[in-house]
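Structure first, commentary second.
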2 protein chains.
Amino acid sequence: MKDFKVIELKKSVFENNDREADRLRAKLRENKLFLLNLMSSPGSGKTTTLKATIARLKDEYRIGVMEADIDSDVDAQTISETGAKAIQLHTGGMCHLDAGMTEQGLNNINSDEFDFVVLENVGNLVCPAEFDTGASKNAMILSVPEGDDKPLKYPLMFSICDCVLINKIDTKSVFDFDDEAVVQRIKKLNPNAEIFFISAKNGTGIDAWCDWLRKEIDAWNK
Amino acid sequence: MKDFKVIELKKSVFENNDREADRLRAKLRENKLFLLNLMSSPGSGKTTTLKATIARLKDEYRIGVMEADIDSDVDAQTISETGAKAIQLHTGGMCHLDAGMTEQGLNNINSDEFDFVVLENVGNLVCPAEFDTGASKNAMILSVPEGDDKPLKYPLMFSICDCVLINKIDTKSVFDFDDEAVVQRIKKLNPNAEIFFISAKNGTGIDAWCDWLRKEIDAWNK
């Protein structure tokens with residue numbers, strides 16, 4: 001039995017997404033709700049990272065997760081098994097979420113029950129970077145198998161994120177991945193980005209990432 | 001010194017992309033030019049697979065490669081080192097190529113010099129699936145680190161491809177990846193899809209993939 005809702009998002013009617021995003025962000029701050037927009041390529045480990053994050057933070061914050069996908073409910077199923085409340089958002093073929101779609105999701109998850117909500121965006125390094133969702137902070141995951149050249153190819157995504165997680169570092173023995181090069185490439189685009197090297201699978205680095213999250217959540221919700 | 005051109009693509013002016021794609025495909029057949037549209041997530045190994053493919057086929061066919069990216073020239077540089085002719089297409093932020101943009105690329109690579117041209121599409125499992133480029137055949141790469149659940153989440157991409165390459169099988173020892181499950185999920189969406197398990201890095205499976213390509217090129221260009 002599914003213990004999560006599936007929401008079919010409607011296309012937003014707003015002409016000015018940036019204005020809607022700023023309006024949503026102001027509302028989140030007023031309501032003391034920290035919204036994290038988590039982005040990455042398909043298969044970088046967003047859901048596994050979220051599972052490890054929820055395990056660390058679930059006794060400190062009331063956590064909700066909105067899983068966005070074009071189709072399928074597999075991620076909401078996985079998250080609902082952690083005990084956190086999850087809903088699945090279907091984008092109807094859309095390759096990203098904008099602020100209006102994000103707010104539809106928040107209205108459906110009963111966001112006043114939470115301190116911290118994660119939007120797991122559609123797996124895509126291109127389009128989600130172009131649409132401000134109204135989130136408090138943006139984070140992205142780059143996984144080791146994808147390669148250290150990705151900041152060169154998808155510069156906008158790396159530029160708009162407050163935090164970059166380099167995931168799957170447990171697999172470095174079978175890939176050529178240059179830690180220093182990737183940090184340099186990210187910092188050139190985005191000098192203020194926080195960067196953490198993690199393995200969502202074995203837990204390496206998750207504590208440092210959760211410390212950063214705590215600091216951001218507490219500053220936002222105070 | 002760069003020995004490849006960089007082309008800034010213009011947004012297409014055509015209203016009906018499907019009609020333009022059919023027109024381009026008919027022209028390719030008339031000119032005995034086989035165009036392969038190669039798609040995948042960022043970092044699945046499109047460029048490495050192309051390098052291995054060119055090494056096998058360069059004495060049999062005159063091969064050209066159009067590398068599409070939002071930014072950067074790293075892929076055209078890599079391909080031009082194989083001896084094949086490469087050009088870099090910049091999409092100006094666009095997350096996919098349509099038939100009009102593909103034809104701009106073909107006009108710039110002097111396509112009458114080739115029997116076989118590859119379009120390496122923007123790394124993205126969503127948007128490129130929605131736009132017919134006019135190519136003779138569509139192929140995609142799913143890499144083992146991305147996970148065997150991707151056909152569930154990006155069904156359109158798996159549905160429109162004539163051939164699916166499962167890459168990076170040399171890394172299977174460090175990932176949970178179910179070969180049978182992924183084949184079943186692909187076949188359910190697309191019963192006629194050809195599926196090859198490959199490692200572009202160590203060459204496993206590349207001969208079988210090149211045999212499929214030879215058959216398709218020869219049938220198209222006869």
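The values are calculated or read from the model by the stated rules, or taken from the named source; none is laboratory data. This one's a predicted model, so the numbers in the text were calculated from it and none came from an experiment. We place every Cβ from the backbone using ideal geometry, glycine too, and count neighbours over all the protein chains shown. Heads up: the accessible areas ignore ligands, DNA and RNA and are worked out on the full protein's heavy atoms, side chains in. Shrake-Rupley method; radii C 1.70, N 1.55, O 1.52, S 1.80 Å.
Checking the structure you have, find out if any residue of region A:30-39 is open to solvent by 10 Å² or more (accessible area, probe 1.4 Å) and in contact (Cβ under 8 Å) with a residue 60 or more places away in the chain. Scanning region A:30-39 turns up at least one residue that is open to solvent by 10 Å² or more (accessible area, probe 1.4 Å) and in contact (Cβ under 8 Å) with a residue 60 or more places away in the chain. Selection of region A:113-143 for residues being within 14 Å of another protein chain (Cβ to nearest Cβ), in a strand (DSSP E or B) and either under 30 Å from A:Lys222 (Cα atoms) or among the basic types (Lys, Arg) (or both) yields A:Glu120, A:Met140, A:Ile141.
Among the residues of region A:169-199, those that are in contact with a Gly (Cβ under 9 Å, 6 or more places away or on another chain) and either acidic (Asp, Glu) or under 13 Å from A:Ala139 (Cβ atoms) (or both) comprise A:Asp176, A:Phe196, A:Ile198. With respect to the conditions (1) buried (at least 23 other Cβ atoms within 10 Å of the Cβ); (2) farther than 26 Å from A:Met39 by Cβ, B:Ile109 lacks only one, and its number is (1).
Do we have B:Leu89 as surrounded by 24 or more Cβ atoms within 10 Å (Cβ to Cβ) and of a type in the set (A, V, I, L, M) here?
In short, yes.
Among residues of region B:15-26 that are farther than 14 Å from B:Leu97 by Cα, those with a beta-carbon under 6 Å from a residue that is open to solvent by less than 30 Å² (accessible area, probe 1.4 Å) at least six positions away or on a different chain give the pairs B:Arg25/B:Gly134. In the set (1) more than 10 Å from chain A (Cβ to nearest Cβ); (2) open to solvent by less than 30 Å² (accessible area, probe 1.4 Å); (3) among the acidic types (Asp, Glu), the condition left unmet by B:Glu146 is number (1).
Exactly one residue out of A:Ile186, A:Ile217, A:Ile198 is under 19 Å from A:Leu152 (Cβ atoms) and among the aliphatic types (A, V, I, L, M): that is A:Ile186. Collect the residues in region A:54-78 that are without any contact (Cβ under 8 Å) to a residue 60 or more places away in the chain, away from chain B (no Cβ under 14 Å) and open to solvent by 10 Å² or more (accessible area, probe 1.4 Å), keeping them in residue-number order. Correct list: A:Ala55, A:Lys58, A:Asp59, A:Arg62, A:Ile63. When region B:54-85 is filtered for residues that are in a loop (DSSP other than H, G, I, E, B) and modelled with pLDDT under 95, the ones remaining, listed by number, are B:Ile70, B:Asp71, B:Ser72, B:Asp73, B:Glu81, B:Thr82, B:Gly83, B:Ala84.
Scanning region B:149-166 for residues that are open to solvent by 10 Å² or more (accessible area, probe 1.4 Å) and under 21 Å from B:Leu35 (Cβ atoms) yields B:Leu156, B:Ser159, B:Ile160, B:Asp162.
Looking at B:Ile195, B:Ile169, just one residue is farther than 19 Å from B:Asn37 by Cα and either open to solvent by less than 10 Å² (accessible area, probe 1.4 Å) or more than 10 Å from chain A (Cβ to nearest Cβ) (or both), and that residue is B:Ile169. Within region B:16-34, identify whether any single residue is within 19 Å of B:Ile141 (Cβ to Cβ) and not charged (D, E, K, R), and answer yes or no. Checked against the condition, which is being within 19 Å of B:Ile141 (Cβ to Cβ) and not charged (D, E, K, R), region B:16-34 yields at least one hit.
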